[in-house]
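Contents: one structure, followed by commentary.
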Amino acid sequence: MKRLLSFAICAMFAIGSAQAADKVRVGYINNVQSAVLAHLKSIQKDENLDIELVPFTRYPDVQKALSVNSVDVGVIAPNGLPAAVAQGDRNVIGVLDLVFGGNSFVVRKEVNVQKFHDLKGKRIGLAEGGISWMMFVMLLDKYGMSYNDIQAVNFSGATDMVTALKRGDVDVVDLWEPFVAEIVAAGFGYKTPAVNFRETPLAAMNGLLGASREFARKNDDALVRTLRLVLKGERQLESDRNLWIGIVRGYSKLDDATIKLALGGINYGGPQLSLSKMDRVATFIFKAGIVKQDVTGKLGENVNPRFLARAVGKSEAAVLK
């Protein structure tokens, strides 16, 4: 009888200790920068999570999915969050600075651009409204130039910009990886040192990890463990470039040499969340007339360091930048 009772107690303990993994739907982009999110699936057991990867092609689509609770966490553009709040949508919160770098100005081989002022009068392909465009406009102001000093050509997609540069329809394009690396590898363009997005208030920040407010409210512990997993994945990829290359190879048609080239200048943010950068974006989009409401200094409830602080065992003040 004692042995039967002992067996029953052990069985009950085993059931309790083997709790079902928490499901987390992760929205990611099929690009070089989002590789750490695609990597989460392979290390999900480390935090007892069940990661469902949901691919997207554009940051705004990920943010929309977060807003309507179609995904739980995902990568969004740093300018997307302040813009949404200014328009009354507070359904997405920023929880981690995800990635920096990966955007460059690429110049047609026959054109010489070595200094920022060499851009004057050039036909420049831009994705107006995007994070890279915003940082370029900030640099125009920094260098005492205006939008009227260039010939801006708006594009809706990267592939059209690549084609336009190759044909000579534009002199320069403002592009992101891996398209930059593909142009350089093909030999009809080069990255110019004249445009350095790290000189902007955003310091070349390319992606912010967002979370659905509803998910954060109902599953705060799962969100904390997801952040812990993201940070672990970042460390693994940055210490093992071959692992990073292999992940990108798995969802792209790129060869290893091009992927390796694309990784140059890209780094993950680590355990920090930049409220100050979001405020700078909020100020910019208001002054530029992109939104009608200035939410500078009013983003506190949508840039929430509480979850990251718990994930790394630090104070909120220590992770908030």
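The values are calculated or read from the model by the stated rules, or taken from the named source; none is laboratory data. Everything numeric in this text was worked out from a predicted model, so none of it was measured. Counting neighbours? That spans all protein chains shown, and the Cβs are built from the backbone with ideal geometry, glycine included.
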Hits in segment 299-321 - residues which are charged (D, E, K, R), modelled with pLDDT of 95 or more and over 20 Å from ARG217 (Cα atoms): LYS314
The one condition in (1) more than 13 Å from SER104 (Cα to Cα); (2) outside the structural domain of GLN33 (by TED's automatic domain parsing); (3) part of a helix (DSSP H, G or I) that LEU231 fails to fulfil: (2)
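Against the definition (in contact with a Ser or Thr (Cβ under 9 Å, 6 or more places away or on another chain) and not assigned by TED's automatic domain parsing to the domain that holds ILE285), how does LEU165 come out, yes or no?
Judged against the criteria, LEU165 is not a match.
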Matching residues, segment 33-72, being β-branched (Val, Ile, Thr), closer than 14 Å to LEU229 by Cβ and over 12 Å from the mean Cα position of the chain (by Cα): ILE43, ILE51
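Within segment 227-248, does at least one residue satisfy the condition of being among the acidic types (Asp, Glu), in contact with a strand residue (DSSP E or B) (Cβ under 8 Å, 6 or more places away or on another chain) and either without any contact (Cβ under 8 Å) to a residue 40 or more places away in the chain or more than 21 Å from ILE76 (Cβ to Cβ) (or both)? Steps first, please.
First, the residues of segment 227-248 that are among the acidic types (Asp, Glu): 234, 238, 240.
Adding the requirement that they be in contact with a strand residue (DSSP E or B) (Cβ under 8 Å, 6 or more places away or on another chain) leaves 234, 238.
If we keep only those that are either without any contact (Cβ under 8 Å) to a residue 40 or more places away in the chain or more than 21 Å from ILE76 (Cβ to Cβ) (or both) too, we end up with 238.
Yes; the residues of segment 227-248 include at least one that is among the acidic types (Asp, Glu), in contact with a strand residue (DSSP E or B) (Cβ under 8 Å, 6 or more places away or on another chain) and either without any contact (Cβ under 8 Å) to a residue 40 or more places away in the chain or more than 21 Å from ILE76 (Cβ to Cβ) (or both).
Can you tell which of VAL153, VAL71, VAL162, VAL85 is of a type in the set (A, V, I, L, M, F, W, C) and assigned to a loop (DSSP other than H, G, I, E, B)? Before the answer, list the steps.
Working: VAL153 fails: assigned to a loop (DSSP other than H, G, I, E, B); VAL162 fails: assigned to a loop (DSSP other than H, G, I, E, B); VAL85 fails: assigned to a loop (DSSP other than H, G, I, E, B).
Only one candidate qualifies: VAL71.
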Residue match in segment 240-254 (condition: in a helix (DSSP H, G or I), modelled with pLDDT of 95 or more, surrounded by fewer than 22 Cβ atoms within 10 Å (Cβ to Cβ) and in contact with a Ser or Thr (Cβ under 7 Å, 6 or more places away or on another chain)): no
ALA222 being part of a helix (DSSP H, G or I), surrounded by 15 or more Cβ atoms within 10 Å (Cβ to Cβ) and out of contact with any helix residue (DSSP H, G or I) (no Cβ under 6 Å at 6 or more places or on another chain): yes
Test: residue in segment 264-286 that is surrounded by fewer than 16 Cβ atoms within 10 Å (Cβ to Cβ), charged (D, E, K, R) and at pLDDT 95 or above: no
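Which one of ASP169, ASP174 is surrounded by fewer than 19 Cβ atoms within 10 Å (Cβ to Cβ) and either among the acidic types (Asp, Glu) or under 13 Å from SER104 (Cβ atoms) (or both)? Lay out the reasoning, then the answer.
On the way: ASP174 fails: surrounded by fewer than 19 Cβ atoms within 10 Å (Cβ to Cβ).
Going through ASP169, ASP174 in turn, just one is surrounded by fewer than 19 Cβ atoms within 10 Å (Cβ to Cβ) and either among the acidic types (Asp, Glu) or under 13 Å from SER104 (Cβ atoms) (or both): ASP169.
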